[in-house]
Amino acid sequence: MTQSEKKQVLIIEDEPDIIRGLVDALEFEGFAVASACTGAEGIEKAREISPDCVLLDLMLPDDNGYRVCEALRQDDPVVPIIMLTAKAQEADKVRGLEVGADDYVTKPFSVAELIARMNAIFRRQNRMAAQDETFSIGGWEINGRKHTMTKGRSTKRLTFYELEMLKLLRERSEEPVSRDDLLEKIWGVQANPNNRTVDNFIVKLRRKLEEDHKSPKHILTVYGFGYKLLP
Ligand code: CA
């Protein structure tokens, strides 16, 4: 494999032992690897190299991983971001997913598992790229490849998860889709009545799509169940 065909991974992590272990294992698996020890350096590096995947530590010396994740997402709505977290609590994981992470692993993690998850994300991306679809909702033209929605002269960006939600709601627009289904199909997280991830994303989508997000005409609430899309 030549250098340019290799997937480039950026590790943002302040523990030298973890960086060393990951660099060795990922290079052995055929990835090109860059690393940064602080959030600021990581954001800078990501702009410079446009990595194919970011491994992001939650606890960094200069900033917390959530804020770094949001900054990375603003620059690039689609790059896969996997959080490396020492915290096992579900709330932390879900918060990571809400700010735009694609997945997380809890320290101490096995490198084999991490690589399996990275490869799963790459496969999912390939499938999405192959679909390359556009569709319209409420007069907005959604472009699945560019992650944009356009109406007249207004163009807004959609994050990976916002787009995935719209696609799933659209695929099943004949019927309401339950919160649990959205959570499981899109985030791969088990149903949990305290989990507000889906509702939080619906709020964001309504603000982007609806003329009046307080009285939605396209993303409708089905009380006690989930949501239904009226394109
Ligand atoms: Ca750390």
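The values are calculated or read from the model by the stated rules, or taken from the named source; none is laboratory data. Since we're looking at a predicted model, the values are computed, not measured. Positions of Cβ are generated from backbone atoms using ideal geometry, with glycine treated the same way; all protein chains shown enter the neighbour counts.
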Of the conditions (1) under 23 Å from the mean Cα position of the chain (by Cα); (2) buried (at least 18 other Cβ atoms within 10 Å of the Cβ); (3) at pLDDT 95 or above, residue 218 clears all except one; give me its number.
-> (1)
Those residues of the stretch 15-65 which are under 17 Å from residue 85 (Cβ atoms) and charged (D, E, K, R), in sequence order = 15, 17, 57, 63
Breaking point among (1) under 20 Å from the mean Cα position of the chain (by Cα); (2) over 20 Å from residue 120 (Cα atoms); (3) surrounded by fewer than 17 Cβ atoms within 10 Å (Cβ to Cβ), for residue 193 | (1)
Okay, helices (runs of 4 or more DSSP H) sitting entirely in the stretch 96-215 with 1 or more residues that are among the β-branched types (Val, Ile, Thr), I get 111-131, 197-209
Can you tell which of 69, 37 is surrounded by 20 or more Cβ atoms within 10 Å (Cβ to Cβ) and either within 16 Å of the ligand (Cβ to nearest atom) or aromatic (Phe, Trp, Tyr) (or both)?
-> 69
Of the residues that make up the stretch 141-152, is at least one among the charged types (D, E, K, R) and within 17 Å of residue 211 (Cα to Cα)?
-> yes
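Residues 51, 80: which one is under 14 Å from the mean Cα position of the chain (by Cα), touching a residue at least 40 places away in the same chain (Cβ under 8 Å) and more than 16 Å from the ligand (Cβ to nearest atom)?
Details: 51 fails: under 14 Å from the mean Cα position of the chain (by Cα).
Going through 51, 80 in turn, the sole match is 80.
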